[in-house]
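Values in this text are rule-based calculations from the coordinates and carry no lab data. Please read these numbers as outputs of a predicted model, since none were measured by experiment. Here the Cβ positions follow ideal geometry from the backbone for every residue, glycine too, while neighbour counts run over all protein chains shown.
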Amino acid sequence: MSQKIGSVLIWPVLLLPLTFVLNLSLGSVHIPVSYLIKALFSSVAVDQAWHYILFDYRLPKAITAVLVGGGLSVSGLLMQTLFRNPLAGPFVLGISSGASLGVALLVLGSGLFGGFGATLLSGPWALVIASALGSFLVLLAVISASSKIKDAMTLLIIGLMFGSLTGAVVSVLSYFSRAEALQKFVFWSFGGLGHLSWTAVLILCGCVLLGLIIAVGSLKSLNALLLGPKYAQSLGVSLKRSTLLMVLSTSILAGSITAFAGPIAFVGLAVPHLVRQISGTPNHKIVLPSSFLWGSIVMLLCDTVAQIPFSSLTLPINAITSILGAPVVIWILMRRKNLMF
């Protein structure tokens, strides 16, 4: 088994540093790889402008891409296994909708709260806090429901209803909002990786690490659930506890990522399918770490395309993930009939 894991993981382990360096090098200003190596592994500052671009903008953005891509891929894998549904993604429980509602209340509803809303909106952490609170409230509701419901499909429907309810409130707020506020909300909904400070990156790293630890602790349950809930129970797996841990891990991963980077589409849905296609096994001891690595690689590549090398223009990251990802998903689904569910 260890030999199988090593053979499957060797390619993403080799590709991840290459895509990371490529992402740091390309952009509106090209930074030579030779300088990147000197700057990252020594204290010599060859060029002050390149040094500023690298350490104050591109390096935090690249690390954010790794955390976002890997975290969303793992959370998508958890949801697909829990619900035995190939179309389930990290936001199926309404986490993204809750974050959108929190941001919408702050940005679109700032006029309803007068000076207090304007004061909150001016803070540098305002959107992050609003998004995190919205995700947290939905998380509490979903965890409360999961503690009382044993059927995973019922929990899936409840999550979709939470998403529909919060989406309706956002639509009402959008209808009555000012043009400037609506534009700010739309820009947030595009997603973004390049606006995080080092403090924000560290906080996001801690949240993603916590979510991954919970996910790794559920490996036995994940493998047992592949053969159905009755088989999992016969192996001594507590469905109630397993569901709670998977929901908690997904909520921490997807909620924190959405709070800091906005809603990022496609990655959490498509990468687990891509990993199963590459690895040829449903074993989560292989698929879970592979999903994190390949998700990070895909996110770095999408961000490299979005920043349009040698141009001052930058495309919305959500548009790139969807444009590049949708054909890949269609190709994977058409090539194989058995999705291991």
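Counting neighbouring beta carbons within 10 Å and listing from fewest to most, the residues His273, His195, His284 come out as His195, His273, His284.
Centroid-to-centroid, using Cα positions, the stretch 84-109 and the stretch 182-210 are 15 Å apart.
Spin-label model, Leu18/Ala168: points 7 Å from Cα along the beta carbon direction are separated by 5.1 nm. Residues whose amide H comes within less than 5 Å of that of Asn85, counting only those at least five positions distant or on another chain, are absent (H built at 1.01 Å from N in the peptide plane). Label-to-label distance for Thr281 and Val216 is 1.8 nm, based on points extended 7 Å past Cα in the beta-carbon direction.
Whole-Hz Karplus values for the stretch 90-103 come out as x, 9, 5, 8, x, 4, 5, 5, x, 5, 4, 5, x, 5 Hz, taken residue by residue from phi with 6.51 cos²θ - 1.76 cosθ + 1.60 and θ = phi - 60°; glycine and proline positions read x.
With a ≥ b ≥ c the root eigenvalues of the C-alpha gyration tensor of the stretch 123-227, is it rounded (a/c under 1.5), prolate (a/b larger than b/c) or oblate?
Details: a/c = 2.75, a/b = 1.35, b/c = 2.03.
Verdict is oblate for the stretch 123-227.
Given only helices, namely DSSP H runs of n ≥ 4 each adding -39500 (n - 2.57), what is the per-residue ellipticity at 222 nm of the chain, to the nearest 500 deg cm²/dmol?
Values: 16 runs with 253 residues, N = 341.
The helix contribution divided over the chain gives -24500 deg cm²/dmol.
When the chain is modelled as a GNM with alpha-carbon springs shorter than 10 Å, which of Gly109, Gly192, Gly295 fluctuates the most? Evaluated over the chain, the most mobile residue of the options is Gly109. Would you look at the GNM of the chain, springs on alpha carbons closer than 10 Å, and say which of Phe310, Phe162, Phe260 moves the most? Judging by the Gaussian network model, the answer is Phe310. From the square roots a ≥ b ≥ c of the eigenvalues of the alpha-carbon gyration tensor of the chain, which class results: rounded (a/c under 1.5), prolate (a/b over b/c), or oblate? Here the chain falls in the oblate category.
If neighbour count is taken as other Cβ atoms inside 10 Å, put Met299, Met153 in order from fewest to most.
Met153, Met299
Quick one: length gained pulling Thr314 to Tyr175 fully straight, 0.36 nm per residue minus the C-alpha distance? Please report the intermediate quantities before stating the final value.
Details: separation 139, 0.36 × 139 = 50.04 nm, distance 2.81 nm.
Roughly 47.2 nm would be gained on extension.
Oblate is the label for the stretch 189-341, because a/c, from the alpha-carbon gyration tensor with a ≥ b ≥ c as root eigenvalues, is 1.5 or above and a/b does not exceed b/c.
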